[in-house]
Amino acid sequence: MFPVRQPWLCKALGCYDCCVRCIGAVPYPSLVATLLCYAGMALFCGCGHEALTQTEVLVETYFTRNIQDFEVMASFIKYFQYVIYGLASFFFLYGILLLAEGFYTTSAVKQTFGEFRSTHCGRCLSLTFIIVTYILAFIWLAVFAFSAIPVYFLFNMEQTCHTINILAETTPSINQHSWICMDARQYGLLPWNAMPGRACGMTLASICKTSEFYVTYDLYIAAFAGAGITLLALFVYMVASTYNYAVLRFLGRKGIH
């Protein structure tokens, strides 16, 4: 399939022309999308896994006193960490398959390798990858939106702490800022009967100054960015594969197989 394995082609065109044709057959959009996908999944899986662990410590330490109130969230965290392992493995393999499919369709479109042409089975396989990628993109769009929830929670918590610090500096009375709270139950992190379930006033401000809070916040931001990069990679895959498939269909109608 590769020109370097076809000596007759190198003799006919010369090594320079052979290398130019080989480089021209590289599916650069698919290659870029694969690199983006791997980088995004590395951020999402690595930072997301560690952020969930830090969240477990943060909520258990500052927002609940009874371990039974925390059992549901702890089970969810462990379950989602296993899901992260599966996602990392799946996208690693799927990225390789999409890159290989990109080499196939790009070579067929450019007709780089002499008698190499696309087949009906190859076009059906390309269409299958396109459909699966579209489905994955819509599913991952939901994952991207879901990953914004902890970022939103921690951002609100940081802004609330900032407000408390300002009030503490400008007003001597504790009652002026003791009513400002962050309730983990409102975000579904704890059941409604969890006690205390929230942190208020200077207690909340002291939580925002801990290293656990900043580490967790940064990890969730990185995981959110990783989800966005992966979504971008899927869109690049869709555009490149759809274009190549459309050209293959056009060539097929022209009688070029």
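For Tyr104, state whether it is within 21 Å of Gly228 (Cα to Cα) and not aliphatic (A, V, I, L, M). Answer is no for this residue. Residues in the stretch 47-83 that are over 19 Å from Thr203 (Cα atoms) and without any contact (Cβ under 8 Å) to a residue 24 or more places away in the chain: Ile67, Gln68, Glu71, Ala74, Ser75, Phe76, Lys78, Tyr79, Tyr82, Val83.
One line per residue, one yes/no per condition, for (1) open to solvent by less than 30 Å² (accessible area, probe 1.4 Å); (2) basic (Lys, Arg); (3) modelled with pLDDT of 85 or more:
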| residue | (1), (2), (3) |
| --- | --- |
| Phe144 | no, no, yes |
| Ala148 | no, no, yes |
| Phe155 | no, no, yes |
| Cys161 | yes, no, no |
| Ile166 | no, no, no |
| Cys181 | no, no, no |
| Arg185 | no, yes, no |
| Arg198 | no, yes, no |
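Screening the stretch 31-86 for residues that are out of contact with any Phe, Trp or Tyr (no Cβ under 7 Å at 6 or more places or on another chain) and of a type in the set (Gly, Ala, Ser) and picking the one that is nearest to Ile221 (Cα to Cα) gives Gly48. Please give the helices (runs of 4 or more DSSP H) falling wholly within the stretch 1-116 in which 3 or more residues are at pLDDT 70 or above, under 27 Å from the mean Cα position of the chain (by Cα) and surrounded by 13 or more Cβ atoms within 10 Å (Cβ to Cβ). By residue number, 28-62, 67-110.
Looking across Ala240, Ala222, one residue alone is open to solvent by less than 30 Å² (accessible area, probe 1.4 Å), farther than 22 Å from Thr133 by Cβ and not aromatic (Phe, Trp, Tyr). It is Ala222.
The values are calculated or read from the model by the stated rules, or taken from the named source; none is laboratory data. From a predicted model like this one, the values you see are computed outputs, not experimental measurements. Reconstructed Cβ throughout: ideal geometry from the backbone, glycine too, with neighbour counts over all protein chains shown. Just the protein is used for accessible areas: all its heavy atoms, side chains included, with ligands, DNA and RNA removed. Shrake-Rupley method; radii C 1.70, N 1.55, O 1.52, S 1.80 Å.
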